[in-house]
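The values are calculated or read from the model by the stated rules, or taken from the named source; none is laboratory data. All of these numbers come straight from a predicted model, not from anything done at the bench. Note that each Cβ is placed from the backbone with ideal geometry, even for glycine, and that neighbours are counted across all protein chains shown. For the accessible areas, the whole protein counts, side chains as well, though only heavy atoms, and no ligand, DNA or RNA atoms are used. Shrake-Rupley method; radii C 1.70, N 1.55, O 1.52, S 1.80 Å.
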Amino acid sequence: MNKRTNHINKLKHLSRKKKVGIITILALLLWYLFCLPRTLFDTPYSTLVMDREGELLGARISEDGQWRFPPTNSVPHKYATCVIQFEDRSFRYHPGVNPLSIGRAFFQNIKEGRVVSGGSTITMQTVRLIRNEKRTYFEKFIELIWATRLELSRSKNSILALYASHAPMGGNVVGIDAASWRYFGHDAASLSWAEAATLAVLPNAPALMHFGRNRDALIAKRNRLLSHLYDKEIITETDYQLAFSEPLPNHPHALPQFAPHLVAHIYKQQTGEHVQTTIQRSLQMQTEEVLKRWNGEFSQNGIHNMAALVVDLESNQVLAYSGNVGFNNNSEGSQVDIIQSQRSTGSILKPFLYCAMLQEGVMLPKELLPDVPINIGGFSPKNFSLQYDGAAHADEALARSLNVPSVVSLRRYGVPKFYQFLQQIGLSSLKKSAEHYGLSLILGGAEASLWEVANAYGTMASTVNSYNSTQSYPEMEDLTYIYPSGNEKNSQSTTSSPIFNAGAAWITLEALTNLNRPEEIDWQSISSMSKVAWKTGTSYGFRDAWAVGVTPRYLVAVWTGNASGEGRPGLTGARTSARVMFDLFELLPLTPWFETPYNELTEATICSESGLLQGSYCPESSIDTLLIPHKGLQGNSCAYHKRVHLSQDGQYQVYQQCAGNRGIIPVSWFVLPPSWAWYYKQQHPAYRSLPPFSPECISGGSDQPMQFIYPYYNATIKLTKQLDGSQGKTIFELAHQDPSTVVYWHLDNDYVGKTSDVHQMELSPSIGKHRVTVVDEEGNALGVEFEVE
């Protein structure tokens, strides 16, 4: 009985030991299966920025101060051959561990009494780089295990690529890609046999790569490898002789520095990544050269900074990105990326207001707009020339960048509406409310970046291109500097609510081809230049100068100024940025002009003098046809042509009941409001004022011959105190159809003087509400109320 019990106990004991053994084996197997970390290399990498062809534009060092480029999936043939022949000739055949190499190394080390050979395969060296632990016999055992596991999970080429990307190459250089650029000034794919052999022997003794010592030892190691390659008939005799005679580099090479501000921008956004951009390297170099040349001229006037974008509108891809000038010499403000910086917009947003009003039918393309001094709640915009035309057609006002018509248009369209429209077209920098910006929004009261402005102009131009191609409105894509990966979908979804109407956008672009201010360039006379729609802008205080130009294929945007915000005389968009912009267009191929999107336009009969739809009294000589957006048919008809009755000799206005022997003939007459007419006829000598009423008909006249130029009704006037502390003064101005008439002026109930020819009166009203009343010789009276703060 005891024997049987003992036998059973022995069986139980053996069973427990067997279970423990099985569990142990399973545990070891599980450990083996999962011993490798999910992320093999937990190390920071340098940020690499490439052009559209894969050429290096620039790089930023990794966070640990190493030049360690992101891993590549392939290894150049020459380097792969050299490193395998030098480090591990059986690499392609062993399972991660080479027992023969380990045995040979073991006996060599015993014989020498020190470690002279490690016997490590390339796979084991890769594991050592992954683990980065102190070298011990136990660590060596772990490397053996990991190496076999790595071989099961990765291909030989993948393991070789891991090793090549993380092998130490001397100093703070890691991997063949970084070493190729730092030591030889080109990429790893262009390595010569001598260069490949040099990099193959370096990880074995990275300290040999020193530009001041150890050069003979490094050359000797390299040449021994080259001799081996020749003996094995891997390289030809010619290759061997050329490689053998090739010297080592004398100094480290600086990495390329193209588009440095874009490289810095990508470094902030995508640190440690390999980023391929859409930049065209040759065009980038030419762009930087153009900016450098102009900067040399502008800097003589204290203008130190400049930025430019060149965009391919067919793909919305940025071809050249120059965020500033003088980056490498660290000149004044040169580190600021102006393309991404918020700057005062000046007049650069005016085309968007013009386009928005056209597509909503609020304004017609050539509608006459007032251009006279105005004061709206204390805001008194002035034209850049400090002169006024009285009235200007909308397209002409845009081409000449007149400020007063733009402010009048914005007031009519609505600041909140335009503010929302600007946000829709990508001006995300508008952080404050529409009320904060007010009417100054159209004159530079807001800030935007060159990137945002270029994107908005690009969207307007691309809308016309897309509609002409498909007769529909695809969803617009923003500008990009990231090269497409090839996984993007080619088809674009369409929208029934496009931001821009193709018809209105086309009319706007047409208007922007007619810029003709005296100080600007006559680009149309340059035979090698494509037709360009362009706009300039200058911020208050001459701090920011803008120029944006578009053709159907390309967009060029330029900013000039000082990053510090310092203004300089002569710093205007026309005199600086526009000149640079046209030089950049000279670098680009010629392109035809935009096709006309006829389906989004309609032909309308308009009055050529007023730009409005034909009115009842527009003469045949002023009738014209014009393509306008469909909603433009809802616009106003001409009210400036009036039916008037003149005497037979045309000298007087008359009425039927008082014409008498003078006779009466009905005529159509173009009549502007008095304040408009006073300025208008100075610029348009052909403009004729209405004749006076005949003496017999004076009592029947009903039209008001006077109009205040300043102030507007209910205007708020701010008077600045004089140097002696006395109350400041302001000049009131009046337009009269007959300037020679004497006009009598009254402030509230007090007579203050009379004027003739030039109807201006200097007054110093006290704080509070007042009324000025004027009376002419014929008894016509006119008054205006205002308030003094």
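Estimated purely from DSSP H runs of n ≥ 4, each contributing -39500 (n - 2.57), the mean residue ellipticity at 222 nm for the chain is -10000 deg cm²/dmol once divided by its residues. For region 587-640, the spread of Cα positions along the three principal axes, ordered from largest to smallest, is 50, 22, 15 Å.
Report D for region 398-446 in µm² per second (integer): Stokes-Einstein, Kirkwood Rh on Cα pairs, 37 °C, 0.692 mPa s. Can you show the working numbers first?
Details: Rh = 11.1 Å.
For the chosen part, D equals 296 µm²/s.
Normalised by 2.2 N^0.38 Å, where N is the number of residues, the alpha-carbon radius of gyration of region 716-789 equals 1.16.
Of the accessible area of the chain, with the probe set at 1.4 angstrom, what percent is carbon plus sulfur?
Values: 18960 of 37940 Å².
Of the solvent-accessible surface of the chain, carbon and sulfur hold 50 percent.
Taking amide hydrogens as placed 1.01 Å from N in the peptide plane, the amide H of ILE709 sits under 5 Å from those of GLU733, LEU734, ALA735, each at least 5 positions away in sequence or on another chain.
With the convex hull drawn around the C-alpha atoms of region 334-410, the volume per residue stands at 129 Å³. Once backbone amide H atoms are built at 1.01 Å from N, ILE235 has TYR230 as its partners under 5 Å, excluding neighbours fewer than 5 places away on the same chain.
Could you work out the local net charge near ILE176, counting Lys and Arg as +1, Asp and Glu as -1, over the other residues with Cβ closer than 15 Å to its Cβ? Local net charge: 0.
Accessible surface area normalised per residue over the chain is 48 Å², counting heavy atoms of protein chains with a 1.4 Å rolling probe. Here region 651-789 is assigned +1 on the Cβ of each Lys and Arg and -1 on the Cβ of each Asp and Glu. Its dipole about the Cα centre then comes out at about 300 debye. As I understand it, the value is the acute angle between the Cα axis of helix 502-511 and the longest principal axis of the Cα atoms of the chain; what does it come to in degrees, rounded to 10? Once rounded, one gets 70 degrees.
Net charge near SER740, counting Lys/Arg +1 and Asp/Glu -1 over other residues with Cβ under 11 Å of its Cβ? Could the numbers behind the result be given before it?
Details: positive: none; negative: ASP738, ASP757, ASP776, GLU777.
Taking every other residue near SER740 into account, the sum is -4.
When the charge dipole of region 242-318 is built from unit charges on Cβ atoms (+1 for Lys and Arg, -1 for Asp and Glu) and taken about the Cα centre, the candidate among THR277, ASN316, PRO249 whose Cα reaches farthest toward its positive end is PRO249. Note that region 605-610 has calculated 3J(HN,Hα) couplings of 8, 10, 8, 5, 7, 9 Hz, one per residue in order, obtained from phi through the Karplus relation 6.51 cos²θ - 1.76 cosθ + 1.60 (θ = phi - 60°); glycine and proline are x. Among the listed options (i) -0.48, -1.09, -1.26; (ii) -0.41, -1.15, -1.38; (iii) -0.59, -1.09, -1.21, the one matching log10 I(q)/I(0) by the Debye sum over Cα atoms at q = 0.06, 0.10, 0.11 Å⁻¹ as calculated from these coordinates is (iii). Relative to the dominant Cα principal axis of the chain, helix 281-298 is inclined by about 50°.
For the chain, the dipole from Cβ point charges (+1 on Lys and Arg, -1 on Asp and Glu) about the Cα centre works out to 6260 debye, to the nearest 20. Here the peptides 213-222, 571-580 are ranked by packing, the mean other Cβ count within 10 Å, and the order with the highest first is 571-580, 213-222. The angle between the Cα long axis of helix 215-231 and the main principal axis of the chain comes to about 70°, on a 0 to 90 degree scale. Converting phi to 3J(HN,Hα) with the Karplus coefficients 6.51, -1.76 and 1.60 and the offset θ = phi - 60°, region 261-275 yields 6, 5, 4, 5, 5, 5, 4, 6, 8, 9, 4, x, 10, 9, 10 Hz in sequence order, with x at every glycine or proline. For the chain, relative contact order (Cα pairs under 8 Å, six or more residues apart, normalised by length) works out to 10 percent.
Projecting the Cα atoms of PHE138, VAL532, GLY753 onto the dipole axis of the chain, where Lys and Arg carry +1 and Asp and Glu carry -1 at the beta carbon, places PHE138 farthest toward the positive end.
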